[in-house]
Amino acid sequence: MKVKHSIFDFNSSQKTYVTIGTFDGVHIGHQKIIKKLIKNAKANNKESVVLTFFPHPRMVLQKDLKIQLINTITERIDQLERLGLDHLIIHPFDKDFSRLTAFDFVRDVLVNKLDIDKLIIGYDHHFGKNREGNIEQLTEYSYLYDFKVEEIPAQDIDNVSISSTKIRKALLSGHLKTANNYLGYNFSIKGIVVKGKQLGNTIGYPTANLNVKESYKLIPKEGAYVIKSVIENKLKFGMMNIGMRPTVGGNDRTIEVHFFDFNKNIYNQTIKVELLYFLRNEQKFVSLNELKKQLNQDEKDSKRFLKSYANF
């Protein structure tokens, strides 16, 4: 997959099949659209192109600095690459770009820059200034500029429409299984391992503290999770706590990972942690001894889950 960070950097010797969107989460609804795009493009000897944007439009238009996204831009690239695309264009979204009318967007971007042959989009897609563009306008412009348009109906799981918003809500409410089902893969957190208070060492549960640099990355509901990760090319399982550490008077949210049967120094390494199962809500204990008892139980519950998950 070739990645370009502007539509102005894109060139192709062939006409293109294109889909457009922010694709936060690259969930199974997104995947269906993109797989159809790739299949159609290959069948007609065309190049498949995903046009996405960064920053997220809400960060620019609404100055929504508290926005929480399922994927960082790097994670979005990784997920899209897995699907087998020919081209990914990540165009900078700014106020000037947001002022493009639907007509100008079709003519200047889709036709003149991307040399489009077919546009495949999801249900109820809107684009252009004030989101004025819709399927009816796209169909009209497609006759004018000689390209095809196909709209894919809303994607459903058990008759529940999938959306990035619903996945975010599921993650923030502890419904990890629902979120992972909608995503089609395990939600993950990537960060640099930094030094913490090292209180875990004193109760037999040393942790790797993760620092996530992207402030817009969604951090799920506070509590304990079963996780897996790849450390030094080896698959490792463990449990993770997200929260304020109320038992020891914590003031800042931390992400602390305890790996089973692992005691190497991995400070300053960047690791990716996949969340497999939500164990429990964060709790405040009357003492470190009570906390240790709960961690013992968490470990038992985690390993019980992992036996069915991966023959742990």
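Overview of values
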{"quantity": "Pair list, Cβ under 9 Å, 6 or more apart: the stretch 246-267 residue small (Gly, Ala, Ser), other residue at pLDDT 90 or above and crowded, with 18+ Cβ neighbours inside 10 Å", "calculated": "Gly250/Gly243"}
{"quantity": "Lone qualifier among Phe305, Phe278 - being outside the structural domain of Thr74 (by TED's automatic domain parsing), modelled with pLDDT of 95 or more, more than 21 Å from Ile70 (Cα to Cα) and among the aromatic types (Phe, Trp, Tyr)", "calculated": "Phe305"}
{"quantity": "Residue, farthest from Lys63 (Cα to Cα), within the stretch 224-249, restricted to residues that are touching a strand residue (DSSP E or B) at 6+ places or on another chain (Cβ under 8 Å) and part of a loop (DSSP other than H, G, I, E, B)", "calculated": "Arg245"}
{"quantity": "Checklist (1) closer than 27 Å to Asn268 by Cα; (2) not assigned by TED's automatic domain parsing to the domain that holds Arg253 applied to Asn211, failing item", "calculated": "(2)"}
{"quantity": "Single residue of Lys118, Lys113 found to be in the same structural domain as Ile7 (by TED's automatic domain parsing), at pLDDT 90 or above, in a loop (DSSP other than H, G, I, E, B) and more than 30 Å from Leu275 (Cβ to Cβ)", "calculated": "Lys113"}
{"quantity": "Where Leu291 falls short, out of the listed (1) in contact with a strand residue (DSSP E or B) (Cβ under 8 Å, 6 or more places away or on another chain); (2) of a type in the set (A, V, I, L, M, F, W, C); (3) surrounded by 15 or more Cβ atoms within 10 Å (Cβ to Cβ)", "calculated": "(1)"}
{"quantity": "Some residue of the stretch 188-198 being over 19 Å from Asn265 (Cα atoms) and either in contact with a Leu (Cβ under 9 Å, 6 or more places away or on another chain) or in the same structural domain as Lys272 (by TED's automatic domain parsing) (or both)", "calculated": "yes"}
{"quantity": "Of the criteria (1) buried (at least 19 other Cβ atoms within 10 Å of the Cβ); (2) in contact with a Leu (Cβ under 7 Å, 6 or more places away or on another chain), which one His258 fails", "calculated": "(2)"}
{"quantity": "Of residues in the stretch 35-52 being β-branched (Val, Ile, Thr) and surrounded by fewer than 23 Cβ atoms within 10 Å (Cβ to Cβ), the one farthest from Ile77 (Cα to Cα)", "calculated": "Ile38"}
{"quantity": "Test: residue in the stretch 213-223 that is out of contact with any strand residue (DSSP E or B) (no Cβ under 8 Å at 6 or more places or on another chain) and either among the hydroxyl-bearing types (Ser, Thr, Tyr) or free of Cβ contacts under 8 Å to residues at least 24 places away in the same chain (or both)", "calculated": "yes"}
{"quantity": "Candidate set: the stretch 60-84, residues that are assigned to a loop (DSSP other than H, G, I, E, B) and basic (Lys, Arg); chosen: the one nearest to Lys95 (Cα to Cα)", "calculated": "Lys63"}
{"quantity": "Residues of the stretch 14-34 satisfying the condition of being of a type in the set (D, E, K, R), surrounded by fewer than 20 Cβ atoms within 10 Å (Cβ to Cβ) and part of a loop (DSSP other than H, G, I, E, B)", "calculated": "Lys15"}
{"quantity": "Candidate set: the stretch 279-312, residues that are in a helix (DSSP H, G or I) and polar (S, T, N, Q); chosen: the one nearest to Tyr225 (Cα to Cα)", "calculated": "Ser302"}
{"quantity": "Residue list for the stretch 85-103, restricted to those being among the acidic types (Asp, Glu) and either part of a helix (DSSP H, G or I) or within 26 Å of Ala170 (Cβ to Cβ) (or both)", "calculated": "Asp96"}
{"quantity": "Check on Ile120, under 26 Å from the mean Cα position of the chain (by Cα), closer than 30 Å to Asn211 by Cα and surrounded by 17 or more Cβ atoms within 10 Å (Cβ to Cβ)", "calculated": "no"}
{"quantity": "Unique residue being over 22 Å from Ile34 (Cα atoms) and either surrounded by 15 or more Cβ atoms within 10 Å (Cβ to Cβ) or of a type in the set (S, T, N, Q) (or both) when the list is Arg99, Arg168, Arg107", "calculated": "Arg107"}
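The values are calculated or read from the model by the stated rules, or taken from the named source; none is laboratory data. Quantities reported herein were computed from a predicted structural model and do not represent experimental measurements. Every residue, glycine as well, gets a Cβ built from its backbone with ideal geometry; the counts of neighbours run over all protein chains shown.
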